[in-house]
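The values are calculated or read from the model by the stated rules, or taken from the named source; none is laboratory data. Computed from a predicted structure; not experimentally measured. Note: ideal-geometry Cβ built from the backbone for every residue, glycine included; neighbour counts use all protein chains shown. Note: areas computed on protein heavy atoms with side chains; ligands, DNA, RNA excluded. Shrake-Rupley method; radii C 1.70, N 1.55, O 1.52, S 1.80 Å.
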Amino acid sequence: MKIVNVVGARPNLMKIAPLVAEMHRVPDLEPVLVHTGQHYDQNMSRVFFEELGIPLADYNLEIGSGTHAWQIAQVLLALEPLLQKLSPDLVVVVGDVNSTVAGALVASRLGIPVAHVEAGLRSFDRTMPEEINRVVTDAISDYLFTSEPSANENLRREGIPEEKIFFVGNVMIDTLLTHRDRAGRLGMPRRFGLTPGDYALVTLHRPSNVDDPEALGGMLEVFVDLQTRLPVVFPVHPRTWRRLSDWGFVERVRSAGNLIIVEPLGYLEFLGLLAQARMVLTDSGGIQEEATILEVPCLTLRNNTERPVTIAEGTNELVGTSPERILTAARRVLHGEVKNGHRPDLWDGRAAERIVRVLCDRVAGQLLKA
Ligand code: UD1
């Protein structure tokens with residue numbers, strides 16, 4: 001069975017790593033890796049291949065940056081002839097980025113079955129580009145692999161037949177559990193001159209938080225205030241960096257002596273820092289899940305989350321985007337008022353194994369029938 005796995009952006013890489021590794025363990029599977037090139041910088045792409053041991057992509061479509069419509073269109077144009085040439089039995093897409101929806105669209109139009117890993121998550125906020133990507137990808141996928149019970153409910157509500165839905169756990173957590181010890185051995189806090197457990201980590205890249213000067217300015221005020229209480233490490237995403245320079249915020253950020261600004265970090269470096277942080281403030285999706293497993297208090301700088309299990313069972317708290325509310329929540333954490341979570345069901349490091357087992361049983365079964 002030939003399986004084309006499509007990746008494009010940074011968070012796809014942590015999700016595809018355990019899947020491709022598992023596919024390589026099964027003799028009858030022929031995994032092919034296609035990178036769309038949505039992310040292309042060394043520290044947004046290559047470093048993850050190296051650190052996570054992902055085989056180099058067999059094909060790179062090199063689409064690069066552009067508007068969302070342009071990006072999706074470029075993947076459609078470049079991927080269609082490649083899939084026609086490769087003629088795979090299945091296409092696997094992961095997560096919710098533009099490359100995910102584009103990969104699913106091309107495959108489904110060519111009549112190739114599509115598997116979506118991390119299906120069914122919903123923020124119910126259609127202003128988020130990822131939400132549209134999720135809804136469209138799920139509607140045209142044939143195998144929907146879910147990571148938390150809310151996803152199954154969402155898919156059922158949208159009329160997806162039960163036999164297409166498989167609750168398998170979280171592939172991102174497979175990767176975290178595999179690499180946690182290695183990341184710990186890097187001694188990341190000390191590399192930044194920090195004391196383990198005595199610094200905050202922040203990340204920010206959602207268009208709603210960084211593409212508006214007022215919103216971004218408000219977030220910076222939070223970080224500048226927080227760094228008067230404890231050191232704050234801020235690895236800056238390229239989208240955010242561009243906005244900081246466009247709107248003249250760089251000086252403000254640099255003048256805050258306890259705010260440590262760094263380039264985007266590799267997977268192991270970031271994991272090493274996250275694991276020992278007093279708290280993380282973020283608008284990322286994946287970090288809410290990682291913080292839950294690492295039992296690090298997570299303040300999510302958004303008004304909604306597509307990952308409600310991290311709130312119901314994990315360390316995550318939605319604190320919105322108002323600076324006062326965020327700072328109040330951060331102060332509570334500093335005073336030791338933290339949520340105690342527990343590990344969500346099936347976030348046990350074996351999600352990729354379950355997915356590949358389903359693919360072998362179901363897809364191979366369909367092929368034999370045909
Ligand atoms: C994308 C995903 C988002 C994910 C995020 C993780 C979509 C709609 N969004 O957002 O869900 O959480 O990746 O990082 O797919 N850039 C570089 N170098 C790179 C890549 C991007 O400099 O390697 C810059 C470019 O200026 C680009 C901007 O970052 O225009 C944004 O990149 P893009 O891929 O469009 O979206 P992200 O904000 O990264």
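General remarks:
- Here r is the Cβ-Cβ distance between Ser322 and Leu76 and R0 is 51 Å; the resulting FRET efficiency, rounded to 0.05, is 0.85.
- Ratio of Rg to Rh over the chain (Cα coordinates, Kirkwood Rh, two decimals): 0.96
- The mean of 1/r over all distinct Cα pairs in the range 178-228, once inverted, gives the Kirkwood hydrodynamic radius of 13.3 Å.
- Along its principal axes, the range 188-334 has C-alpha extents of 40, 34, 28 angstrom, given from the largest down.
- Taking Cα centre as origin and charging only the Cβ of basic (Lys, Arg, +1) and acidic (Asp, Glu, -1) residues, the dipole magnitude of the range 111-189 rounds to 280 debye.
- Helices in the chain, meaning DSSP H runs of at least 4 residues, each add -39500 (n - 2.57). Divided by all residues, the mean residue ellipticity at 222 nm is -13500 deg cm²/dmol.
- Expressed in Å, the radius of gyration and Dmax of the Cα atoms of the range 1-141 are 13.9, 43.
- Straight-distance crosslink candidates among lysines, where the alpha carbon sits under 26 Å from Lys85 and sequence neighbours closer than 8 are dropped: Lys2, Lys15, Lys369
- Modelled FRET efficiency - R0 22 Å, Glu221 with Glu251, Cβ distances, 0.05 increments: 0.95
- Put a dot 7 Å past the Cα of Asn258, heading toward its Cβ, do the same for Arg229, and the two dots end up 1.0 nm apart.
- Contact order for the range 185-309, expressed relative to its length and based on alpha carbon pairs under 8 Å spaced 6+ residues apart, stands at 30 percent.
- Inter-label distance for His68 and Phe124, nm, one decimal - labels placed 7 Å from Cα along Cα-to-Cβ: 2.0
- The dipole here belongs to the range 286-338: it is taken about the Cα centre, uses +1 on the Cβ of Lys and Arg and -1 on the Cβ of Asp and Glu, and is about 240 debye.
- Computing FRET efficiency as 1/(1 + (r/R0)^6) for Val135 and Glu50, where r is the C-beta to C-beta distance and R0 is 51 Å, gives about 0.90.
- Within the accessible area of the chain (1.4 Å probe), percent carbon and sulfur: 49
- Accessible surface of Val93, taken over heavy atoms with a 1.4 Å probe and every protein chain present, rounds to 0 Å².
- In this rough spin-label picture, where each label sits 7 Å from Cα along the Cβ direction, the Asn304-Gln84 distance is 3.8 nm.
- Alpha carbon Rg of the range 295-370, scaled by the compact-globule rule 2.2 N^0.38 Å: 1.70
- Residue-normalised accessible area of the range 278-370, given per residue in Å² at a 1.4 Å probe: 43
- Under the convention that each Lys and Arg Cβ holds +1 and each Asp and Glu Cβ holds -1, the size of the dipole of the range 188-334 around its Cα centre is about 300 debye.
- Multiplying the residue separation of Glu158 and Ala312 by 0.36 nm and subtracting their alpha-carbon distance yields 53.2 nm.
- Pairwise centroid distance, computed over Cα atoms, of the range 88-165 with the range 268-341, Å: 26
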